[in-house]
Amino acid sequence: MKHKLISLLALFVCQLAQAGWQVPDNIQQLVVVTTADWRANQGKMQVYQKTQGKWQRTDLHSPVTIGRTGMAWGMGLHPEQQGQQKQEGDGKAPAGLFRLTTAFGYEALQNLHIPYQQMQASHYCMDVKGSPYYNQIVDSQEVGKQAIEGSSEGMRRDLHYGDNLYSKGIVVEHNGQNISGAGSCIFMHLWRASDKPTAGCTAMPAEVMDKLLSWLEADKHPALLLLPEAEYQRLRSEWALP
């Protein structure tokens, strides 16, 4: 009985903490992606900026594609949620709120307002369960070729796989603690086409990515919010969403 009471108390405290959670005040740029439901792999993106404490819609919006099997709850800034959780290889995009930390691409880019890393043929994002570098972008010239064995995420996709999906992209900080198997290498990047979903990332046309990269500012702590429409409406007031 004592253990049951402790468990119930812990659950109550957790629920109480979740009920009081809202988007952190320091997030002043928010990229919102919503889909029809948990299984949908296409959605819409609308970008917001906070001005004088209120969310203002910008003119930056676009259709996007997400994971081929829809989405499941990810590990980000939001409280832990009940329901299906993102796992490695499930083809799902992570739902929730995530920092947008770094941009990357094939070419050297200047005049951006967020950190940018130019990718080389030796750069990989580790998606191998159990790797000490899981969910991290590493340079095989630094960690050694043996360390990146088995990874299917060569960051220079033009050289490794013959496409330009990662020619410009943004790192989505899902699973920031790099827990093995909880999902890795989540980005915003270029799409193959409007009807071609991803393995778990959010993809868009090249011209939209260019505008997004130019708009993002590290000092405004940009973040991505990804939710099915019904979940967005359910949490809109509670989380203080646009």
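The values are calculated or read from the model by the stated rules, or taken from the named source; none is laboratory data. Small disclaimer: the values here were computed from a predicted structure and weren't measured. FYI the Cβ positions are ideal-geometry reconstructions off the backbone, even for glycines, and counts take in every protein chain you see. Side chains included, ligands, DNA and RNA excluded: accessible areas come from the protein's heavy atoms. Shrake-Rupley method; radii C 1.70, N 1.55, O 1.52, S 1.80 Å.
The equivalent ellipsoid of the range 24-162 has semi-axes of 29, 21, 15 Å, largest first, where each one is the square root of 5 times an eigenvalue of the Cα gyration tensor.
Shown are Thr202, Thr51, whose ranking by accessible area with a 1.4 Å probe and every protein chain present, most to least, is Thr51, Thr202. What the chain shows is 51 Å² of accessible area per residue, with the surface traced by a 1.4 Å probe over protein heavy atoms. Taking amide H as placed 1.01 Å from N in the peptide plane, Leu60 has its amide H under 5 Å from the amide H of Val47, each at least 5 places away in sequence or on another chain. Taking all Cα pairs closer than 8 Å and separated by 6 or more residues, the relative contact order of the range 110-227 comes to 25 percent.
Structural size metrics of the range 93-146, computed from C-alpha coordinates, are Rg and Dmax of 13.4, 37 Å. Here the chain is treated as an ellipsoid with the same Cα gyration tensor; its semi-axes, largest first and in whole Å, are 29, 23, 17. Each of Cys201, Gln177, Ser152 was scored by the projection of its Cα onto the charge dipole of the range 133-205, and the greatest displacement toward the positive side belongs to Cys201; charges sit on the C-beta of Lys, Arg, Asp and Glu. Each residue, Gln84 and Glu229, gets one label point 7 Å from its Cα in the Cβ direction; the gap between the two is 1.9 nm. Dipole magnitude for the chain: computed about the Cα centre from +1 point charges on Lys and Arg Cβ and -1 point charges on Asp and Glu Cβ, it is near 620 debye. Sites count as exposed loop sites when they are GluC sites (Glu not before Pro), lie in a DSSP loop, and have at most 15 other Cβ atoms within 10 angstrom; the longest stretch of the chain without one is 150-237. When +1 charges are put on Lys and Arg Cβ atoms and -1 charges on Asp and Glu Cβ atoms, the dipole computed for the range 156-242 relative to its Cα centre reaches about 140 debye. As a length-normalised measure over Cα pairs under 8 Å and 6 or more apart, the relative contact order of the chain settles at 26 percent. Of the accessible area of the range 84-203, computed with a 1.4 Å probe over protein heavy atoms only, carbon and sulfur atoms account for 42 percent. Here the accessible area is traced with a 1.4 Å probe on the protein chains. For the range 35-78, carbon and sulfur cover 46 percent of it.
Legend: residues Lys50, Lys145, sorted from most to least accessible area (1.4 Å probe; ligands, DNA and RNA excluded), read Lys145, Lys50.
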